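The values are calculated or read from the model by the stated rules, or taken from the named source; none is laboratory data. Quick caveat: nothing in here was measured; it's all calculated off a predicted structure. Every residue, glycine as well, gets a Cβ built from its backbone with ideal geometry; the counts of neighbours run over all protein chains shown. Surface areas here come from the heavy atoms of the whole protein model, side chains and all, with no ligands, DNA or RNA. Shrake-Rupley method; radii C 1.70, N 1.55, O 1.52, S 1.80 Å.
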Amino acid sequence: MNNPLIKISTFITFLLLAQFSSAGILEQVEEELVALADKVRPAVVSLSPYIAKGAVGQGLPRKGRPANAGSGVIFDAKKGLIVTNSHVVRNVLKILVTFKDGSKIVGDVLGADEDTDLAVVRVEYAQPLTAVKFADSSKVKIGQLVVAVGNPYGLNDTTTFGIVSGLKRENVNLSRYEDFIQTDASINPGNSGGPLLNIQGEVIGINTAIINYAQSIGFSIPSNMVSHIVAQLVEHGEVHRGWLGVGIDPLPEEMAEKKDSKKGVVVTSVFEGDPAYQAGLKVGDIILKIGGAVVESPNTLIRIIGTITPGQTINLDILRNGKGKTVPVKLESKKKKTSLLASLTPSDPSSLGFSVIDDFLAENNPKVATVKPGSYADSKGLQVGDQILAVNGEMVENQREFEGILSGVTKGGSIFLLVLRDGKKINLGLVREN
């Protein structure tokens with residue numbers, strides 16, 4: 001009973017052996033579980049890429065990584081709206097939707113957000129649809145029973161049971177904004193986009209991924225994050241996020257020891273002209289809270305800022321030279337900032353001491369193509385083939401994003417890289433040479 005990964009079947013067996021229940025109670029539990037499955041299964045659909053016969057253009061995958069087969073769940077029956085993972089509908093305009101009864105219809109992709117791995121599909125269906133409600137994921141607790149429904153390996157209408165194994169999982173490197181619910185309910189390829197439900201049949205998360213080399217470790221995007229993202233995708237077709245304009249890093253051990261806490265992040269760079277710069281933030285400031293929310297890690301800060309509407313002013317609680325201070329910052333649009341960075345002239349590799357190229361085999365993240373002998377990057381141990389995961393606290397997925405962030409670093413400015421080498425993450429601090 002003290003094992004947080006105990007399965008419901010083991011739990012029921014234990015009750016039988018301990019004589020804590022009767023056959024009547026077990027039958028009642030079984031009836032409730034069957035009723036729950038019957039209630040939610042009609043709302044879960046199978047999704048696969050749609051390519052019209054002889055079509056040229058519409059419905060065909062665009063350049064880039066292809067879409068994958070997966071699952072989705074109807075959250076608005078009247079409007080025919082389905083939430084799923086963005087990687088399930090990646091680079092397609094239309095998607096084939098298969099319902100529980102086997103009927104099929106072609107749906108339109110309203111919008112997708114790669115940063116959270118969420119997307120919305122709309123269908124126009126003549127028959128009445130079944131939808132599920134979203135629960136408040138902030139009330140989810142470790143150990144509570146959950147149900148996962150999806151279409152693993154093409155096995156449509158598959159239902160599994162388990163418990164919540166962990167909360168607030170980040171640094172899993174599945175998406176940019178991570179705050180996952182971990183579950184031991186069986187989740188396999190094809191479950192992506194399907195719901196994780198509580199025993200009331202309400203969605204507490206959207207299943208997004210598993211750890212391939214482990215058993216009973218699956219991750220779901222919390223329903224509160226899903227609701228926030230889905231609302232924007234339905235209204236705008238995209239997500240508008242706040243932008244602070246700083247590079248951040250976890251607190252070094254010596255800093256954490258001095259302030260008797262490991263919470264907070266240290267500012268490693270401030271981009272000129274951006275909101276943080278205009279508000280007076282400085283390199284070396286320690287950000288403790290944003291709008292009253294505790295900043296526990298760089299991922300926490302990125303996630304909180306990303307949920308704030310551009311144009312809104314928030315208070316940052318910081319430490320500067322050991323003294324507390326509150327700094328109001330008016331956030332800009334992340335979309336606007338990304339467009340600006342992308343339009344700047346790519347960085348000259350000679351000014352960095354190294355250059356990068358897109359690594360299409362890895363499907364994301366650029367890798368180091370050259371390292372100039374005798375450069376600062378060379379002296380710090382940067383190697384050709386290193387895969388770059390983040391620059392100054394910002395995750396990067398391609399060469400353009402990398403060069404955009406570097407364009408904001410002036411001569412002598414700090415460059416903090418998070419690289420992946422031989423399966424290990426390495427932090428490197430560099431300096432822009434000229």
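What FRET efficiency comes out for the pair ILE142/GLN200, r = Cβ-Cβ distance, R0 = 25 Å, nearest 0.05?
Computed FRET efficiency for ILE142 and GLN200: 0.90.
To the nearest 0.05, how large is the calculated FRET efficiency for GLU238 and LEU93 if R₀ is 25 Å and r is the Cβ-Cβ distance?
Efficiency for this residue pair is about 0.95.
With the crude spin-label approximation of a point 7 Å out along Cα→Cβ, what separation in nm comes out for GLU296 versus LEU26?
Modelled inter-label distance: 3.8 nm.
If you roll a 1.4 Å probe over the heavy atoms of the protein chains, what accessible area per residue do you get for region 92-189, in Å²?
Here the per-residue accessible area is 45 Å².
What order, most packed first, do the peptides 400-408, 292-300 have when packing is the mean number of other Cβ atoms within 10 Å of each residue?
Top of the packing list down: 400-408, 292-300.
Provide the gained length on full extension for the span LYS282 to ASN427, in nm with one decimal, where the gain is 0.36 nm per separating residue minus the Cα-Cα distance.
Difference between extended and current length: 50.1 nm.
Set the Förster radius R0 to 22 Å, insert the Cβ-Cβ distance between GLU272 and ARG320 as r into 1/(1 + (r/R0)^6), and round the FRET efficiency to 0.05.
After rounding, the FRET efficiency stands at 0.70.
Figure the gain on full extension for LYS263 and GLN127 (residue separation times 0.36 nm, minus the Cα-Cα span) and round it to one decimal in nm.
Using 0.36 nm per residue and subtracting the Cα-Cα distance, I get 43.8 nm.
In nm, to one decimal, how far is the LYS39 label point from the ALA369 one, both placed 7 Å along Cα→Cβ?
5.6 nm
Hey, what's region 283-322 come to in accessible area per residue, 1.4 Å probe, Å²?
Per residue, region 283-322 has 41 Å² of solvent-accessible surface.
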